1. Need a quick list: helices (runs of 4 or more DSSP H) entirely within the range 1-95 having at least 3 residues that are more than 19 Å from GLY230 (Cα to Cα).
2. For HIS128, work out the one condition from (1) under 17 Å from the mean Cα position of the chain (by Cα); (2) farther than 28 Å from MET218 by Cβ it doesn't fulfil.
3. From (1) touching a residue at least 12 places away in the same chain (Cβ under 8 Å); (2) surrounded by fewer than 21 Cβ atoms within 10 Å (Cβ to Cβ), pick out the condition that doesn't hold for SER19.
4. Specify which of the listed residues (ALA200, ALA238) is farther than 28 Å from ASN66 by Cα and hydrophobic (A, V, I, L, M, F, W, C).
5. Go through the range 114-132 and give me each residue that's over 17 Å from PHE192 (Cα atoms) and not in a strand (DSSP E or B).
6. Is it the case that the range 134-156 has a residue that's at pLDDT 70 or above and closer than 29 Å to GLN73 by Cβ?
7. Which residues, counting only those in the range 8-28, are polar (S, T, N, Q) and out of contact with any helix residue (DSSP H, G or I) (no Cβ under 8 Å at 6 or more places or on another chain)?
Amino acid sequence: MNALSTTGGRPAYRSVFISDTHLGTRGCRSDFLADFLRRASCEYLYLVGDIIDGWRLRKSWYWDENHDDVLRQIVCHARGGTQVTYIPGNHDEMFRAWLPLGLEISGIKLRQEAVHVTADGTRLLVLHGDEFDSVVRYAKVLALLGDWAYTLALTVNRYFNACRRRLGYPYWSLSAWLKRQVKEAVKAIDRFEYALAHEAERRGFDGVVCGHIHQAQMRKVGRVWYINDGDWVESCTALVEHHDGRLELIDWAALNRLSFFAPRARMTQTA
């Protein structure tokens with residue numbers, strides 16, 4: 001990782017993009033996310049969809065103090081002068097009904113998509129990306145089955161890693177590995193990346209920032225940048241823009257040596 005610029009000991013960025021936090025699920029690392037939001041400062045904060053998992057909350061309620069802390073930190077950023085933009089995804093699609101109203105809640109702008117211009121003039125289209133996922137768009141039942149299978153994989157993952165911990169091995173994401181091994185899933189990810197990059201190029205942008213598939217990536221697809229900011233379930237990744245316009249994917253857990261085995265107690269800021 002590159003050295004971070006800091007303000008008063010806090011990582012200081014021009015912009016931060018996060019998505020797929022899935023608040024309301026047991027898999028969400030809301031403790032790590034709250035820690036990141038508490039310690040980092042930025043001028044622009046983009047919440048790129050699936051921040052709250054409405055699909056899961058409709059089935060069973062799960063919410064702890066770390067989830068509250070995440071929302072509190074987001075509001076603190078907005079009230080502190082950060083321009084916060086919330087772009088709903090498919091799991092928090094209940095907020096899409098409010099988009100025509102152009103609402104701003106506690107300083108947080110609700111938008112279908114956004115345009116971000118970096119400090120060096122790079123124009124980025126920002127959207128969740130589920131609009132370019134044919135399964136989510138045209139086969140909701142299959143999408144729900146996929147969500148069920150993914151939740152099951154995360155549950156198995158917890159027990160699998162409990163065994164690894166007892167044997168002295170580090171955390172390893174079984175669900176992420178399974179996705180990489182399934183050829184059709186790999187092909188679907190490639191199609192997804194190409195479709196988003198093509199849309200950005202068609203509309204005259206230099207790149208696209210999205211979420212949705214829980215796979216952090218930053219690469220050129222043709223003449224434009226495809227950037228996925230990852231997730232806060234299987235990893236703890238975010239896209240950050242430094243003050244010179246340089247873009248970087250960071251893994252907050254790895255950067256701070258935070259263990260996925262750590263108890264999910266509320267984290268406090270350390271000097």
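1. By residue number, 54-59, 65-79.
2. HIS128 satisfies all of (1) under 17 Å from the mean Cα position of the chain (by Cα); (2) farther than 28 Å from MET218 by Cβ except (2).
3. Here SER19 meets the rest and fails (2).
4. ALA200
5. Correct list: THR118, ALA119, ASP120, GLY121, THR122.
6. Looking for residues that are at pLDDT 70 or above and closer than 29 Å to GLN73 by Cβ, one finds none in the range 134-156, hence no.
7. Result: SER15, SER19.
Rundown of residues vs (1) at pLDDT below 95; (2) touching a strand residue (DSSP E or B) at 6+ places or on another chain (Cβ under 6 Å), yes/no style:
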{"residue": "PRO11", "(1), (2)": "yes, no"}
{"residue": "SER41", "(1), (2)": "no, yes"}
{"residue": "ASP69", "(1), (2)": "no, no"}
{"residue": "ALA78", "(1), (2)": "no, yes"}
{"residue": "VAL84", "(1), (2)": "no, yes"}
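The values are calculated or read from the model by the stated rules, or taken from the named source; none is laboratory data. Keep in mind that what you see is a predicted model, and the values were worked out from it rather than measured. Positions of Cβ are generated from backbone atoms using ideal geometry, with glycine treated the same way; all protein chains shown enter the neighbour counts.
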